[in-house]
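Enquirer: Let me give you the structure first, and then I'll get to my questions.
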Amino acid sequence: MRQAGTYSGLLSKMSGRAGTHSLPLARIKKIMKKSGDDVKMISGEAPIVFSKACELFIEELTKRSWTMTMQGKRRTLLKDDVASAVIATDIFDFLLTLVSES
Amino acid sequence: MEPMDIVGKSKEDASLPKATMTKIIKEMLPADVRVARDAQDLLIECCVEFINLVSSESNEVCSREDKRTIAPEHVLKALEVLGFGEYIEEVYAAYEQHKLETMDSLKGGKWSNGAEMTEEEAAAEQQRMFAEARARMNGGAAGPPKQPDINPSLES
């Protein structure tokens with residue numbers, strides 16, 4: 001009897017776009033639970049939605065950081081590039097403290 | 001490890017697996033590009049922070065709707081409120097796709113018995129489901145029926 005997990009894992013590897021659901025759902029759920037003091041129960045499907053959202057988020061942040069790297073005419077993406085990308089993007093304001101601390 | 005790392009975080013640290021993250025990050029960049037290790041670490045931390053942010057907002061959306069379980073719809077609403085509305089379409093598509101895949105495996109491939117859908121039919125079916133979902137979401141965005149008017153400033 002095939003386990004649902006194995007099967008969908010196979011399918012996502014075949015589905016062209018690499019990295020679909022490759023973030024571990026259990027880990028995401030753990031982070032979600034720790035995000036606040038009174039977090040409600042989390043449906044089984046919510047981490048799946050998060051997984052994709054994270055992927056899109058990393059993609060955006062990475063690409064914007066890479067733009068900074070290119071502006072500096074380098075081929076190595078540095079921490080400062082990430083910081084610059086965060087500063088330059090409004091919706092990344094929530095990261096300002098994080099990037100300035102490090 | 002800086003002292004702050006130990007003092008600031010009271011519970012055990014849940015983070016995302018470095019290997020998986022590194023792979024995802026590298027796949028988005030040209031092959032010859034390197035990523036400094038501290039830049040990689042920072043990207044991962046940003047992602048965790050992103051989850052924290054969206055989780056908190058999802059939690060609030062869920063509370064406002066008097067529900068006890070955070071559902072995908074709450075997460076989608078949270079993304080919109082926080083300015084990540086652009087992600088919604090793709091996130092929802094991935095979610096629907098996953099449901100289709102899971103359904104198929106649970107039913108042991110009964111999809112293909114008798115009413116064999118051609119690829120076009122399956123795609124059309126998927127589009128129909130997206131449209132339905134979008135209609136549902138747009139209806140939901142108008143505002144749930146019993147919403148306490150405590151924080152009008154939070155309304156988008």
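Enquirer: I'd like the full set of residues that are of a type in the set (Val, Ile, Thr) and either open to solvent by less than 50 Å² (accessible area, probe 1.4 Å) or at the interface with chain B (Cβ under 7 Å from one of its Cβ atoms) (or both), limited to segment A:69-98.
Expert: Residues satisfying the conditions are A:Thr69, A:Thr76, A:Val82, A:Val86, A:Thr89, A:Ile91.
Enquirer: Next question, about the same structure. Has segment A:43-53 got any residue that is within 20 Å of B:Glu89 (Cβ to Cβ) and surrounded by fewer than 20 Cβ atoms within 10 Å (Cβ to Cβ)?
Expert: yes
Enquirer: Does B:Val61 qualify as being over 13 Å from the mean Cα position of the chain (by Cα), more than 7 Å from chain A (Cβ to nearest Cβ), open to solvent by 40 Å² or more (accessible area, probe 1.4 Å) and not charged (D, E, K, R)?
Expert: Here the answer is no, as B:Val61 does not meet what is asked.
Enquirer: Within segment A:24-68, which residues are part of a loop (DSSP other than H, G, I, E, B) and at the interface with chain B (Cβ under 7 Å from one of its Cβ atoms)?
Expert: Across segment A:24-68, the qualifying residues are A:Pro24, A:Ser35, A:Gly36, A:Val39, A:Lys40, A:Ser43, A:Glu45.
Enquirer: Also, I was wondering about something else. Which of the residues spanning segment B:21-57 are assigned to a helix (DSSP H, G or I), open to solvent by less than 30 Å² (accessible area, probe 1.4 Å) and at the interface with another protein chain (Cβ under 7 Å from one of its Cβ atoms)?
Expert: If the condition is that a residue be assigned to a helix (DSSP H, G or I), open to solvent by less than 30 Å² (accessible area, probe 1.4 Å) and at the interface with another protein chain (Cβ under 7 Å from one of its Cβ atoms), then B:Ile24, B:Ile25, B:Ala39, B:Leu42, B:Leu43, B:Cys46, B:Cys47, B:Val48, B:Phe50, B:Ile51, B:Val54, B:Ser55 are the ones that fit.
The values are calculated or read from the model by the stated rules, or taken from the named source; none is laboratory data. Predicted, not measured: the structure shown is a model, and the values here were computed from it. Note that each Cβ is placed from the backbone with ideal geometry, even for glycine, and that neighbours are counted across all protein chains shown. Just the protein is used for accessible areas: all its heavy atoms, side chains included, with ligands, DNA and RNA removed. Shrake-Rupley method; radii C 1.70, N 1.55, O 1.52, S 1.80 Å.
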